[in-house]
Amino acid sequence: MRDDELAALAERAREVAPAFAPGREVRAVAPLGSGHIHATLRVALAGAGPDLVLQSLNEHVFPDVGALMANVERVTAHLRARAPRDGDERAVLRVVRAADGALVARDAAGTAWRAFVYARGTFAIDVVPTDELAFRTARAFGAFAAALADLDPASLALPIPGFHDLAGRLAQLERAVAADRVGRLRDVGEELARARSLGAEVGAALDASGALALPARPVHNDCKINNLLFDEATREPVCVVDLDTVMPGTLLADFGELVRTATCRAAEDERDLALVDFDAARFDALARGYVEGLGGAASDGERDALWLGGPWMALENAVRFLADHLDGDRYFRPRRPDHNLHRTRAQLHLAEQLWRSRDALRETLARAAGKGARAGR
Ligand code: GN1
Ligand code: MG
């Protein structure tokens, strides 16, 4: 965020903070995290009570904020009911209602804001530093999916229909190509050809796997590494955040997002593609952690197809970033020029690497699931 944008945002946060924390003076406002959709701030407050996370909501991406917040409340209530009584109180995201009971408050410009309790003593990361942390991260996301296994999928709204519909995402890319809104098409011929070609291959493999015909279950749908908070002292995962896309879907998408963001030592927008390397040891840690976290929650059909998640999500994100680059960066907030093109290149490169390594992915997962290297083919 540019300094002037941040200043304007902080100003509006100060304006809405009293709706969520009446009578408490705002001490400081600072940007938080690296999400691409909403704008997120940490707001330090005087007086009794926790600091808040205030988010100005992106209503282009989430047009029905009521349905969005109803989902978040349903999911957090479910998780809280399953959390150990004497466990870490930060383990489940805490929504803070406005003093009038509403889940969002609007500033003078009409923008919707929501609030969460700031989980003190936590941090988020964009790149996983060690295999051990990759294991713990994957176990935490696996346990998250397991905890949602008995939440009725029909009780959740679909905040973004077709969120992980690869064919739909490829069609969206073709629409962006046809429109060429900002004249960038001539410079992305190579990326486009690669995205189309791998898109066809991954799409065919997904169809053949049968995984998408399995019953949909509530999943996170955006298990990227920076959607998990860690404890500053123990470096253990504390809380899964960003519950906006929790809706019926497939475990492949969750495991895949994790693989996409945690299997190499580079961030999703790395420009030096030599650093965007599929790391087999890292993948092994992710596979073991995810299977352990899931416990008995996955069916054989889901486990056998999990390997496809990584290539699918890397490719799907590349397709979405490329479509947005062609559209003029209207969806994913850019933080530098051509940011969505850099994101495209890194994710395409990673998707191709994962796809070339698919036998290894399959064997590693089969081993993690304790079924022997030849199982699940
Ligand atoms: C967005 O909000 P954030 O930054 O956690 C996006 C994900 C993408 C991700 C790419 C609602 O997640 O689907 O995979 O960016 N969320 C939405 O980094 O579109
Ligand atoms: Mg996020």
>> Which of the numbered conditions does A83 fail, given that it passes all the others? Conditions: (1) at pLDDT 95 or above; (2) within 20 Å of C239 (Cα to Cα).
In response: (1)
> Could you count how many residues in region 197-244 are of a type in the set (D, E, K, R), within 16 Å of ligand 2 (Cβ to nearest atom), assigned to a loop (DSSP other than H, G, I, E, B) and more than 15 Å from A314 (Cβ to Cβ)?
Replying inline: 1
> In region 60-79, how many are exposed (fewer than 15 other Cβ atoms within 10 Å of the Cβ) and not aliphatic (A, V, I, L, M)?
Replying inline: 5
> So, of the residues in region 245-266 that are in a loop (DSSP other than H, G, I, E, B) and surrounded by fewer than 23 Cβ atoms within 10 Å (Cβ to Cβ), which turns out to be nearest to ligand 1 (Cβ to nearest atom)?
Replying inline: A266
> Given the structure, is D269 within 15 Å of ligand 1 (Cβ to nearest atom) and within 14 Å of the chain's Cα centre (by Cα)?
Replying inline: no
> Of the residues that sit in region 213-227 and are of a type in the set (A, V, I, L, M) and in contact with a helix residue (DSSP H, G or I) (Cβ under 6 Å, 6 or more places away or on another chain), which one is surrounded by the fewest Cβ atoms within 10 Å (Cβ to Cβ)?
Replying inline: A216
>> Looking only at region 106-163, count every residue that is more than 30 Å from V26 (Cβ to Cβ) and not polar (S, T, N, Q) and tell me the total.
In response: 33
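The values are calculated or read from the model by the stated rules, or taken from the named source; none is laboratory data. Here the structure is a predicted model, which is why all the values come from computation and not from measurement. FYI the Cβ positions are ideal-geometry reconstructions off the backbone, even for glycines, and counts take in every protein chain you see.
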